[in-house]
Amino acid sequence: MTDGPKYGFDTLQIHAGARPDPATGARQTPIYQTTAYVFRDAEHAAALFNLQEVGYIYSRLTNPTVAVLQERIATLEGGVGGVCCSSGHAAQIMALFPLMSPGKNVVVSTRLYGGTVTQFSHTIKRFGWEATFVDFDDLDAVKAAIDDNTRAVFCESIANPGGYITDLDAIAKIADAAEIPMIVDNTTATPYLCRPIEHGATLVVHSTTKYLTGNGTVTGGCVVDSGTFDWSANDKFPSLSQPEQAYHGLKFHETFGPLAFTFHGIAIGLRDLGMTMNPQAAHYTLMGTETLSLRMERHVENAVKIANWLEKDDRVDYVTYAGLKSSPYYDRVAKICPRGAGGLFTFAVKGGYDACIKLVNALEIFSHVANLGDARSLIIHSASTTHRQLTADQQRAAGAAPEVVRVSIGTEDVDDLIADLDQALSKASS
Ligand SMILES: *Cc1c(COP(=O)(O)O)cnc(C)c1O
């Protein structure tokens, strides 16, 4: 089928990017389990290597199964192109790589997935990159943090671990004024709940490991480009606007226009960094995307019921779910993610750190794991696990204080989940 705005989300999540297999007519996208592709002749090979013709050379760069997933996620996000990679963390490096160079910085929200905080505060320094952490609710602080060496701002739409909602439109305005792209990690919202490009995002990154696959089977990531940023407006983005020596002086933006970032991601990023998604992983994630909206509806429905139940419970101090009327982020839900505030939030257990440990040990249906976005309900005590590497101040700023647990509400029977929480809270508070 041809993709396009005339089809609704539920149709696109099944069909976008896919066609009956040209060789066999197979209706489901085959797993093209191959490393290399035979060239028609020597001229064909040369044209492919010169980027004069688009086609398959080697699966570190492109693979037909992965290509379907790239097109599907890009379509669901309303972008022009996508590049899949081996994990969400790989996607974050792939998004920053064409923008950054030694001495450049990215202004990032304090409310991020714990692994991202670590990646940005330690590992990217080895590339000579810096991240400046700011509270993205403080718009003046975001503005003040941007300097001549800033090449992007980075935040999550529905932010870890508390399920806070970022005011994407307000951040996009600041990024626009500074002539830098806004990168949004849309993992916890998915394009069903939030479409960051409609709120001014230049790039959207995903950990497809989570809701897009939906059952905790494979890791993967994706970078989607909106195609709207003018990389040649100034000299800030030479990788995209200036001649590339490795391709005979080709200028990506001049040659590929709105697809410049996507082509760069494949021709340079995947070619040289090698953070490639394998075709098996793409297959599992394609299966997941087919039911994305159905699952997200149930995740949201269950999360609303459970958050309301917890908020009324005496054994619980507070609940951070943005879908609660009491949340300071409640008004942003309608604007940023009109189909609901997702399935991720934290709650504080009376009794603090020790009660949280007892709670996670006592739960029977909820699994104690470092993951989210599974059909199964998951729980984690962030302060003793994912956010362990952070200082106490960083933990609080990130919404991972010692007295809170983070839940990723699954699609099970909500009454069973509430009963499980009820028995475990009794044990935790005894
Ligand atoms: C899991 C996650 C990541 C990292 O993704 P991996 O696939 O584990 O590398 C990044 N951002 C968010 C919001 C996540 O939940």
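The values are calculated or read from the model by the stated rules, or taken from the named source; none is laboratory data. Since the structure is predicted, the reported quantities are computational estimates derived from the model, not experimental observations. Backbone-built Cβ (ideal geometry, glycine too); neighbour counts: all protein chains shown. SASA here: full protein model, heavy atoms, side chains in, ligands and nucleic acids out. Shrake-Rupley method; radii C 1.70, N 1.55, O 1.52, S 1.80 Å.
Tell me which residues come under 5 Å, amide H to amide H, from residue 216 once H is placed; ignore anything under 5 positions away on its chain.
HN-HN under 5 Å from residue 216: 375.
Step through the table entries 6/173; 143/173; 305/358; 325/350; 312/427, compare each Cα-Cα distance with 20 Å, and write down the pairs that go over it.
The pairs that break the limit, which is 20 Å between Cα atoms, are 6/173; 305/358; 325/350.
Could you bin all the Cα-Cα distances of the stretch 111-202 into 10 Å bins starting at 0 and give me the percent of pairs in each, rounded to whole numbers?
16, 50, 31, 2
Across the stretch 46-55, in residue order, what do the Karplus-derived ³J(HN,Hα) couplings come to in whole Hz, using 6.51 cos²θ - 1.76 cosθ + 1.60 with θ = phi - 60° and x for Gly and Pro?
Using θ = phi - 60°, the values come out as 5, 5, 5, 5, 8, 6, 7, 9, 8, x Hz.
Averaged per residue, what accessible surface does the stretch 293-429 expose to a 1.4 Å probe, in Å²?
43
In a Gaussian network model over the chain where Cα atoms closer than 10 Å are linked, find which of 245, 33, 395 has the largest mean-square fluctuation.
Comparing 245, 33, 395 in the GNM, the peak value goes to 245.
Would you please give the residues with an amide H less than 5 Å from that of residue 317, counting only those at least 5 places away or on a separate chain, with H modeled from the backbone geometry?
It is 348, 349, 350, by chain and number.
What do you reckon, how do 116, 132 stack up by accessible area (1.4 Å probe), largest on top?
Details: 116 0, 132 50 Å².
Largest accessible area first, the residues go 132, 116.
Quick one: which residues, 5 or more positions from residue 108 or on another chain, have an amide H under 5 Å from its amide H? H modelled 1.01 Å from N in the peptide plane, none for Pro or chain starts.
Those lying under 5 Å, H to H, from residue 108 are 132, 133, 134, 154.
List the extent of the Cα atoms of the chain along each of their three principal axes, largest first, rounded to whole Å.
Here the spans come out as 75, 53, 37 Å, largest first.
Sequence neighbours fewer than 8 away in the same chain don't count; with that in mind, list the lysines whose C-alpha is under 23 Å from residue 251.
List returned: 104, 236.
Give me D for the stretch 254-327 in µm² s⁻¹, whole number, from Stokes-Einstein with Rh from the Kirkwood sum over alpha-carbon pairs, 4 °C and 1.567 mPa s. Before the final figure, lay out each step's value.
Numbers: Rh = 16.7 Å.
Here the translational diffusion coefficient equals 78 µm²/s.
Build a GNM of the chain with springs between Cα atoms under 10 Å: which of 169, 21, 137 gets the top mean-square fluctuation?
Comparing 169, 21, 137 in a Gaussian network model of the chain, the most mobile one is 21.
Jot down the radius of gyration and Dmax of the stretch 293-429, Cα atoms only, both in angstrom.
According to the Cα coordinates of the stretch 293-429, Rg and Dmax are 14.0, 39 Å.
How large is the accessible surface of residue 412 in square angstrom, using a 1.4 angstrom probe and rounding to the nearest 10?
Taking all protein chains as shown, residue 412 has close to 50 Å².
Tell me the carbon and sulfur percent of the accessible area for the chain, rounded to whole percent, probe radius 1.4 Å. Intermediate results must be reported in sequence, preceding the final value.
Values: 8980 of 17300 Å².
Roughly 52 percent of what the probe reaches on the chain is carbon or sulfur.
HN-Hα J couplings of the stretch 29-43 from phi, Karplus 6.51/-1.76/1.60, θ = phi - 60°, integer Hz, Gly and Pro as x?
Here the 3J(HN,Hα) series is 4, x, 8, 7, 7, 9, 8, 10, 10, 6, 6, 4, 6, 5, 5 Hz.
In whole Hz, with x marking every Gly and Pro, tabulate ³J(HN,Hα) for the stretch 284-289 from phi via Karplus 6.51 cos²θ - 1.76 cosθ + 1.60, θ = phi - 60°.
4, 6, 4, 4, x, 4
Please report, in debye to the nearest 20, how large the charge dipole of the chain is about its Cα centre when each Lys and Arg carries +1 at its beta carbon and each Asp and Glu carries -1 there. Each step should come with its number before you reach the end.
Numbers: 34 positive and 47 negative charges, 108 e Å.
Charge dipole, the chain, about its Cα centre: 520 debye, nearest 20.
Let me know the Kirkwood hydrodynamic radius for the stretch 65-152, please, with Cα pairs as the basis and the value in Å to one decimal. Don't jump to the answer; show the numbers that get you there.
Values: mean 1/r = 0.0694 Å⁻¹.
One over the average 1/r among Cα pairs gives 14.4 Å for the stretch 65-152.
As I understand it, the dipole of the chain uses +1 on the Cβ of Lys and Arg and -1 on the Cβ of Asp and Glu, about the Cα centre. Which of 231, 184, 89 lies farthest toward its positive end?
89
Compute the signed sum of charges (Lys and Arg +1, Asp and Glu -1) over the other residues within less than 14 Å, Cβ to Cβ, of residue 150.
That works out to -1.
Of 351, 408, 391, which is farthest on the positive side of the dipole of the stretch 293-429, counting Cα position, with +1 on Lys and Arg Cβ, -1 on Asp and Glu Cβ, and the Cα centre as origin?
Of the listed residues, the answer is 391.
Please quote Rg/Rh for the stretch 50-207 to two decimal places, taking the Kirkwood radius as Rh and restricting both calculations to Cα atoms.
Numbers: Rg = 15.7 Å, Rh = 16.2 Å.
In the stretch 50-207, Rg relative to Rh is 0.97.
Hey, what D do you get for the stretch 286-338 in µm²/s if you plug the Kirkwood alpha-carbon radius into Stokes-Einstein at 25 °C and 0.890 mPa s?
Reported coefficient: 196 µm²/s.
Counting only protein chains, not ligands or nucleic acids, how are 211, 353 ordered by accessible area (probe 1.4 Å), most first?
Largest accessible area first, the list is 353, 211.
Determine the order of 148, 41 by accessible area, beginning with the largest, at a probe radius of 1.4 Å.
Solvent-accessible surface, decreasing: 148, 41.
Roughly how many Å² is the accessible area per residue of the stretch 219-275, as a whole number, for a 1.4 Å probe?
Value returned for the stretch 219-275: 42 Å² of accessible area per residue.
In the Gaussian network model of the chain, springs joining C-alpha atoms below 10 Å, which of 57, 146, 409 carries the largest mean-square fluctuation?
Result for the chain, Cα springs under 10 Å: 57 fluctuates most.
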